[in-house]
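To start, the structure itself, in structure tokens.
The values are calculated or read from the model by the stated rules, or taken from the named source; none is laboratory data. Keep in mind it's a predicted model, so treat the numbers as computed, not measured. Reconstructed Cβ throughout: ideal geometry from the backbone, glycine too, with neighbour counts over all protein chains shown.
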Amino acid sequence: MSDKFDVIIVGAGLAGSTAGYILANAGLEVLIIERGNSAGSKNVTGGRLYSHSLEKIIPNFAQEAPVERKVTKEKISFMTEESAVTLDYHSIRLGKQFQDSYVVLRSEFDQWLAEKAEEAGAVLATGVRVDDLLVKDGKVSGVIAGEDEMEADVVILADGVNSLLAQKIGLRQELKPHEVAVGAKEIIELPQNILEDRFNLNEGEGASWMFVGSCTGGRIGGGFLYTNKDSISLGIVATVGDIEQSEKSIPQMMEDFKQHPSIRPLIKDGKLAEYSAHLVPEAGYNMLPKLYSNGVVVVGDAAGLVINIGYMVRGMDLAIASGEAAAKAILDAKEKQDFSEQSLAKYKQLLDESFVMKDLQLYKKFPEFMENHRIFNEYPKMVDDIMADLFIIDGQPSKPIKSKLLSHVKKIGILNLIKDGIKGVKSL
Amino acid sequence: MKAMTIEEKLSVDKFFVDEGNPHIIISKDAVDPKEIQKLIKACPAGLYSLNEDGTISFDYAGCLECGTCRVLCKNTIIKEWNYPQATCGIEFRYG
């Protein structure tokens with residue numbers, strides 16, 4: 001190991017290890033530093049990984065990587081305390097190469113990706129917490145961990161959503177409560193055959209299920225369920241800035257979600273294997289930090305690169321693509337031996353040209369749209385009431401369907417419905 | 001599944017507690033009920049609780065290191081918030 005590295009990467013998550021893998025493959029001396037005892041041991045996902053961005057870098061990765069299940073079933077439910085109205089889409093189209101997505105568990109998956117970076121020649125140092133950045137002549141020139149200082153031409157900040165280092169160096173502000181959500185998740189073990197029967201899954205295939213409504217006590221957020229090989233990832237995500245108004249605490253929301261009449265039978269006789277929590281960047285395009293400066297770039301969650309459009313939350317595929325863009329920009333800078341802000345601007349340019357910024361920009365109005373409380377209260381209730389009217393027969397004389405529908409729509413107000421509909425469509 | 005308390009849930013997790021060296025330090029004399037309620041509701045590990053005298057107590061041992069309390073109360077109740085020392089804290093075996 002030489003005294004100075006070409007690149008030091010803080011954080012062996014998906015963005016960090018992807019960058020490390022590409023840079024080491026290109027022959028650069030790379031050090032990846034991870035504060036956990038192993039890569040992934042501080043990381044949590046819902047979670048589903050859309051494969052396309054990693055597929056480009058490591059073709060057919062899912063055949064060797066520890067993925068849990070390939071998602072072939074998408075479900076979305078409107079939920080009230082008593083009911084759930086569900087859309088269920090099952091298709092093998094969801095599983096085609098470059099369109100496929102996988103349920104993953106980060107502890108195992110991140111270790112695999114970090115090992116790929118190590119095999120490519122990167123040095124991985126786990127159990128090391130980077131406390132600060134070394135700055136010389138207005139340029140980031142390395143990291144400080146305890147008593148140790150390590151130097152590099154460029155430092156990649158891949159230290160996650162709560163990137164204290166990006167804050168310290170002034171690239172980003174303290175996170176604001178409306179920019180992030182807190183997720184709580186349980187891993188609930190079930191025998192594989194029971195799990196496949198309960199969710200009507202073929203072997204190796206999995207389900208992704210999103211919930212909106214009572215699962216967050218009517219506050220901004222949602223519930224999620226993903227099927228692993230022999231466990232379920234079940235959890236809730238709630239916007240931090242909205243919790244103050246909530247009647248329920250986060251642990252209570254989680255427990256009530258589990259006891260919901262639509263969820264309870266799915267986890268019957270299951271065994272809790274882990275309870276976890278993590279922040280999720282939610283403001284997307286509106287919370288982008290300064291992405292680069294002299295000798296430093298910010299990637300993945302640390303840069304807030306997550307798209308939340310309600311029925312779908314994506315962060316990991318963006319993290320991987322941002323790690324790739326950072327690596328390419330650094331290779332370019334290395335060729336010129338110029339690691340200045342001007343030279344590293346290439347990173348932003350590559351992100352701008354990729355799906356990362358295009359998608360973030362496209363959906364930039366969505367976080368604001370989600371701040372509408374009707375989505376989490378009145379609409380799930382309306383759908384529930386309409387369904388109840390359609391399906392419940394109690395011997396009273398029936399009313400025409402048109403008047404049944406209209407009576408529920410009128411409770412919210414037709415104008416509100418039109419307004420929200422237009423806003424929703426415009427933000428997607 | 002039977003209902004579980006948050007303590008029961010945390011007991012299945014793997015922690016390496018940095019004994020005597022808390023990574024989060026709160027202001028013990030904080031009494032603003034609004035700020036206190038925020039933390040009690042938001043902490044996914046339920047580590048904040050209200051004392052009889054209206055102050056707040058906190059146990060860092062079961063911290064999942066999410067940072068929610070930092071985001072909510074950095075300049076009020078949370079005096080210091082850092083990640084635990086290297087090798088300490090929560091170790092997610094699934095994540």
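Data overview
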item	result
Answer from A:THR80, A:THR72, A:THR18 - the residue that is of a type in the set (Val, Ile, Thr) and touching a Lys or Arg at 6+ places or on another chain (Cβ under 7 Å)	A:THR80
Residue ID - farthest from the other protein chains (Cβ to nearest Cβ), chosen from residues in segment A:255-296 that are more than 30 Å from A:GLY323 (Cα to Cα) and among the small types (Gly, Ala, Ser)	A:SER262
Failed criterion for A:PRO397 (all others in (1) surrounded by fewer than 21 Cβ atoms within 10 Å (Cβ to Cβ); (2) assigned by TED's automatic domain parsing to the domain that holds A:SER141; (3) out of contact with any strand residue (DSSP E or B) (no Cβ under 9 Å at 6 or more places or on another chain) hold)	(2)
Single residue of segment B:74-95 satisfying the filter (more than 23 Å from A:LYS185 (Cα to Cα) and more than 7 Å from chain A (Cβ to nearest Cβ)) that is nearest to the chain's Cα centre (by Cα)	B:ILE78
Criterion (assigned to a helix (DSSP H, G or I) and out of contact with any helix residue (DSSP H, G or I) (no Cβ under 9 Å at 6 or more places or on another chain)) met by exactly one of A:GLN396, A:GLN342	A:GLN342
Test: residue in segment A:283-294 that is modelled with pLDDT of 95 or more and not in a loop (DSSP other than H, G, I, E, B)	yes
Any hit, segment B:1-11, residues being free of Cβ contacts under 8 Å to residues at least 12 places away in the same chain, at the interface with another protein chain (Cβ under 9 Å from one of its Cβ atoms), in contact with a Lys or Arg (Cβ under 7 Å, 6 or more places away or on another chain) and of a type in the set (A, V, I, L, M)	yes
Filter result for the condition that a residue is within 14 Å of chain B (Cβ to nearest Cβ) and either farther than 29 Å from A:MET210 by Cβ or free of Cβ contacts under 8 Å to residues at least 60 places away in the same chain (or both), over A:ALA145, A:ALA184, A:ALA152	A:ALA145
Selection status of A:ARG35, closer than 20 Å to A:VAL103 by Cβ, at pLDDT 95 or above and not hydrophobic (A, V, I, L, M, F, W, C)	no
Candidate set from segment A:386-428 (those that are of a type in the set (D, E, K, R) and touching a residue at least 24 places away in the same chain (Cβ under 8 Å)); member that is nearest to A:ALA84 (Cα to Cα)	A:LYS411
In segment B:55-73, residue nearest to the other protein chains (Cβ to nearest Cβ) [restricted to those that are under 21 Å from B:GLU7 (Cβ atoms) and without any contact (Cβ under 8 Å) to a residue 24 or more places away in the chain]	B:CYS66
From A:LEU157, A:LEU124, A:LEU133, A:LEU195, residue being crowded, with 19+ Cβ neighbours inside 10 Å, more than 8 Å from chain B (Cβ to nearest Cβ) and more than 25 Å from the chain's Cα centre (by Cα)	A:LEU133
A:LYS176 vs. criteria within 14 Å of another protein chain (Cβ to nearest Cβ), outside any loop (DSSP other than H, G, I, E, B), of a type in the set (Lys, Arg) and within 22 Å of B:PRO44 (Cβ to Cβ)	no
Residue ID - nearest to the other protein chains (Cβ to nearest Cβ), chosen from residues in segment B:17-54 that are of a type in the set (Asp, Glu) and free of Cβ contacts under 8 Å to residues at least 60 places away in the same chain	B:GLU35
The listed residue being assigned by TED's automatic domain parsing to the domain that holds A:ILE33 and part of a strand (DSSP E or B), out of A:LEU133, A:LEU165, A:LEU113, A:LEU171	A:LEU133
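So that you can scan it fast, the table gives a plain yes or no per residue for (1) buried (at least 22 other Cβ atoms within 10 Å of the Cβ); (2) away from chain B (no Cβ under 14 Å); (3) more than 22 Å from the chain's Cα centre (by Cα); (4) not aliphatic (A, V, I, L, M):
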| residue | (1), (2), (3), (4) |
| --- | --- |
| A:THR72 | no, yes, no, yes |
| A:THR86 | no, yes, yes, yes |
| A:ARG93 | no, yes, yes, yes |
| A:LYS96 | no, yes, no, yes |
| A:GLN99 | no, yes, no, yes |
| A:VAL104 | yes, no, no, no |
| A:GLU108 | no, no, no, yes |
| A:LEU113 | yes, no, no, no |
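Yes/no matrix, rows are residues, columns are (1) in contact with a Cys (Cβ under 6 Å, 6 or more places away or on another chain); (2) surrounded by 24 or more Cβ atoms within 10 Å (Cβ to Cβ); (3) not charged (D, E, K, R):
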{"site": "A:GLY222", "(1), (2), (3)": "no, yes, yes"}
{"site": "A:GLY241", "(1), (2), (3)": "no, no, yes"}
{"site": "A:GLN245", "(1), (2), (3)": "no, no, yes"}
{"site": "A:ASP256", "(1), (2), (3)": "no, no, no"}
{"site": "A:LEU291", "(1), (2), (3)": "no, yes, yes"}
{"site": "A:ASN294", "(1), (2), (3)": "no, no, yes"}
{"site": "A:GLY300", "(1), (2), (3)": "no, yes, yes"}
